[in-house]
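Enquirer: Let me begin by handing over the structure; questions about it come next.
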Amino acid sequence: MSLTLAPAPVLANILEAIGHTPLLRLRLRGVPDGVELWGKCEWFNPGGSVKDRTAFSIVVEGERSGALRPGRTIIDSSSGNTAVGLALVGRATGHPVELVMPESVGEERQRLCRAYGAKIVFTDPLLGSDGAIVKVRERVAADPDRYFYADQYRNPANPLAHYRTTGPEIWEQTGGRITHFVAGLGTSGTVVGTARYLRERNPRVRVVAAEPDHGMHGLEGLKHMASAIVPEIYDPRAHDEKISVVTEDAYAVCAEVLGEDGLLVGHSAGAALWAARQVARPLRSGVVVALLPDGGERYLGADGKANSR
């Protein structure tokens, strides 16, 4: 193995660093030799996750429509990564940010949001992300002129981000050879927007959604749709198949790719990879791309080891 340096981009501002994340070849055990498995490494975004794309799109579209005016505060509920993305984009564009999140959100994300200057409002951790959604809607209803509600669960700018960026990047990076796209279901913006683009290029691309197997799961950022407030942007027609993932199985895949490939990925990435392996196993050939939303450094315990149940 030799070290080859690609030309480094020259950027006018930090927002230009969002997107254009690398595609990495993975070799999980159990994937047939004739199947290519690739991971779309979203922790290369400046805020550390795929949600930078969503946050930037929401702010740009809000400014374009006039809904986000100078002096208004960006507000939204988030279990973590969208919060960081909005805090980053808000600081870079000069908009104040207020974030509503369950008190159980990791200390690392809380510190990042505060470092970017965002105000945090906590909700009951037992109510999860749905409790934060209810709280943020109450605050907006009480003072509508103060806030620009990013509303990642209902805002069409969320899937639009992936239609405009994630889908085209994957298509270009695979040379149009992609046969299967696998991603977790959270707000559903990634699945809906990316699927729309890929199917416009090739209707035969299969889209697979990874979902926690029940409501009381440990996969931060993902939703069990049957037991959650279903995002209005969610379109079940976006995916051809939905695979249920047990929390412990996702954690086990995180440990596997760390040991085999030196990749420290988040638990939702582990869920996508577990589902991608299930997709790949019966195939004789194919190009399977799994969306890896973030890295695992935000999920480490005080002992430096990845959190597990």
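The values are calculated or read from the model by the stated rules, or taken from the named source; none is laboratory data. All figures in this text were calculated on a predicted structure; none of them were measured in a lab. Counting neighbours? That spans all protein chains shown, and the Cβs are built from the backbone with ideal geometry, glycine included.
Enquirer: Please work out which one of (1) in contact with a Leu (Cβ under 9 Å, 6 or more places away or on another chain); (2) modelled with pLDDT under 95 is the condition Gly39 fails and give its number.
Expert: Against the list (1) in contact with a Leu (Cβ under 9 Å, 6 or more places away or on another chain); (2) modelled with pLDDT under 95, Gly39 comes up short only on (2).
Enquirer: Could you count how many residues in the stretch 8-33 are among the hydrophobic types (A, V, I, L, M, F, W, C), more than 17 Å from Arg53 (Cα to Cα) and surrounded by 10 or more Cβ atoms within 10 Å (Cβ to Cβ)? Before you say what the answer is, go through the steps one by one.
Expert: Within the stretch 8-33, the subset among the hydrophobic types (A, V, I, L, M, F, W, C) is 8, 10-12, 14-15, 17-18, 23-24, 26, 28, 31.
Of the ones still in play, those that are also more than 17 Å from Arg53 (Cα to Cα) are 8, 10, 12, 24, 26, 28, 31.
Then drop every residue that is not surrounded by 10 or more Cβ atoms within 10 Å (Cβ to Cβ), which leaves 24, 26, 28, 31.
Adding up the residues that qualify gives 4.
Enquirer: In this structure, does Val60 turn out to be surrounded by 24 or more Cβ atoms within 10 Å (Cβ to Cβ), of a type in the set (A, V, I, L, M), out of contact with any strand residue (DSSP E or B) (no Cβ under 7 Å at 6 or more places or on another chain) and outside any loop (DSSP other than H, G, I, E, B)? Even if it seems obvious, please write down each step before you answer.
Expert: Values: surrounded by 24 or more Cβ atoms within 10 Å (Cβ to Cβ): no; of a type in the set (A, V, I, L, M): yes; out of contact with any strand residue (DSSP E or B) (no Cβ under 7 Å at 6 or more places or on another chain): yes; outside any loop (DSSP other than H, G, I, E, B): yes.
So Val60 fails the test.
Enquirer: Moving to a separate point now. Just for helices (runs of 4 or more DSSP H) wholly inside the stretch 147-237: which have at least 3 residues that are more than 20 Å from Gly85 (Cβ to Cβ) and outside the structural domain of Leu68 (by TED's automatic domain parsing)? It would help to see each step written out before you state the result.
Expert: On the way: elements: 157-161, 167-173, 189-201.
So the answer is 167-173, 189-201.
Enquirer: When you check Ala67 against the structure, is it hydrophobic (A, V, I, L, M, F, W, C), crowded, with 24+ Cβ neighbours inside 10 Å, touching a residue at least 60 places away in the same chain (Cβ under 8 Å) and assigned by TED's automatic domain parsing to the domain that holds Val140, yes or no? Write out each step before concluding.
Expert: Values: hydrophobic (A, V, I, L, M, F, W, C): yes; crowded, with 24+ Cβ neighbours inside 10 Å: no; touching a residue at least 60 places away in the same chain (Cβ under 8 Å): yes; assigned by TED's automatic domain parsing to the domain that holds Val140: yes.
Considered against the rule, which asks whether it is hydrophobic (A, V, I, L, M, F, W, C), crowded, with 24+ Cβ neighbours inside 10 Å, touching a residue at least 60 places away in the same chain (Cβ under 8 Å) and assigned by TED's automatic domain parsing to the domain that holds Val140, Ala67 comes out as no.
Enquirer: Looking only at the stretch 270-287, decide whether some residue is aromatic (Phe, Trp, Tyr), farther than 27 Å from Arg111 by Cα and surrounded by 16 or more Cβ atoms within 10 Å (Cβ to Cβ). Can you show your working first?
Expert: Step one: list which residues in the stretch 270-287 are aromatic (Phe, Trp, Tyr), which gives 274.
Now restrict to residues that are farther than 27 Å from Arg111 by Cα: 274.
Then drop every residue that is not surrounded by 16 or more Cβ atoms within 10 Å (Cβ to Cβ), which leaves 274.
The answer is yes; a qualifying residue exists.
Enquirer: Could you tell me whether Val136 is among the β-branched types (Val, Ile, Thr), outside the structural domain of Arg196 (by TED's automatic domain parsing) and buried (at least 17 other Cβ atoms within 10 Å of the Cβ)? Before the answer, list the steps.
Expert: Details: among the β-branched types (Val, Ile, Thr): yes; outside the structural domain of Arg196 (by TED's automatic domain parsing): yes; buried (at least 17 other Cβ atoms within 10 Å of the Cβ): yes.
Judged against the criteria, Val136 is a match.
Enquirer: Taking interchain pairs and intrachain pairs at least six residues apart, which have beta carbon atoms under 7 angstrom, with the first residue in the stretch 1-28 and over 26 Å from Asp249 (Cβ atoms) and at pLDDT 95 or above and the second hydrophobic (A, V, I, L, M, F, W, C) and not in a helix (DSSP H, G or I)?
Expert: Here the result reads Ala17/Leu11, each pair linking the stretch 1-28 to a residue that is hydrophobic (A, V, I, L, M, F, W, C) and not in a helix (DSSP H, G or I).
Enquirer: Show the residue pairs meeting these rules: Cβ distance below 9 Å; 6+ apart or different chains; first residue within the stretch 136-149 and closer than 18 Å to Thr93 by Cβ and in contact (Cβ under 8 Å) with a residue 60 or more places away in the chain; second residue in a loop (DSSP other than H, G, I, E, B) and small (Gly, Ala, Ser).
Expert: Partner pairs satisfying both residue conditions: Arg146/Gly71; Phe148/Ala67; Tyr149/Ala67.
Enquirer: Tell me, which residue of the stretch 219-242 that is surrounded by 15 or more Cβ atoms within 10 Å (Cβ to Cβ) and touching a Phe, Trp or Tyr at 6+ places or on another chain (Cβ under 8 Å) is modelled with the lowest pLDDT?
Expert: So, considering only residues that are surrounded by 15 or more Cβ atoms within 10 Å (Cβ to Cβ) and touching a Phe, Trp or Tyr at 6+ places or on another chain (Cβ under 8 Å), the one modelled with the lowest pLDDT is Glu220.
Enquirer: In the stretch 105-122, what residues are in contact (Cβ under 8 Å) with a residue 24 or more places away in the chain and of a type in the set (S, T, N, Q)?
Expert: none
Enquirer: Got a number for residues in the stretch 43-57 being out of contact with any strand residue (DSSP E or B) (no Cβ under 6 Å at 6 or more places or on another chain) and part of a helix (DSSP H, G or I)?
Expert: The number of residues fulfilling the criteria is 8.
Enquirer: Give the residues of the stretch 73-85 that are part of a loop (DSSP other than H, G, I, E, B) and either more than 16 Å from Arg137 (Cα to Cα) or without any contact (Cβ under 8 Å) to a residue 12 or more places away in the chain (or both), sorted by residue number.
Expert: To start, the set of residues in the stretch 73-85 that are part of a loop (DSSP other than H, G, I, E, B) comprises 78-80.
If the condition is that a residue be part of a loop (DSSP other than H, G, I, E, B) and either more than 16 Å from Arg137 (Cα to Cα) or without any contact (Cβ under 8 Å) to a residue 12 or more places away in the chain (or both), then Gly80 is the only one that fits.
Enquirer: Please verify whether the stretch 190-205 includes one or more residues that are farther than 14 Å from Leu292 by Cα, of a type in the set (Gly, Ala, Ser) and surrounded by fewer than 16 Cβ atoms within 10 Å (Cβ to Cβ). Quick ask: steps written out before the conclusion?
Expert: The first filter runs over the stretch 190-205 and keeps only residues farther than 14 Å from Leu292 by Cα, leaving 192-193, 195-205.
Narrowing further to those that are of a type in the set (Gly, Ala, Ser): 193, 195.
This time we only want the ones that are surrounded by fewer than 16 Cβ atoms within 10 Å (Cβ to Cβ), so: none.
Within the stretch 190-205 (the criterion being farther than 14 Å from Leu292 by Cα, of a type in the set (Gly, Ala, Ser) and surrounded by fewer than 16 Cβ atoms within 10 Å (Cβ to Cβ)), the answer is no, since none of the residues qualifies.
Enquirer: Out of all the residues in the stretch 86-104, which are within 20 Å of Leu222 (Cβ to Cβ) and in contact (Cβ under 8 Å) with a residue 40 or more places away in the chain?
Expert: Residues of the stretch 86-104 that are within 20 Å of Leu222 (Cβ to Cβ), as a first pass: 86, 99-104.
Result: Leu86, single match.
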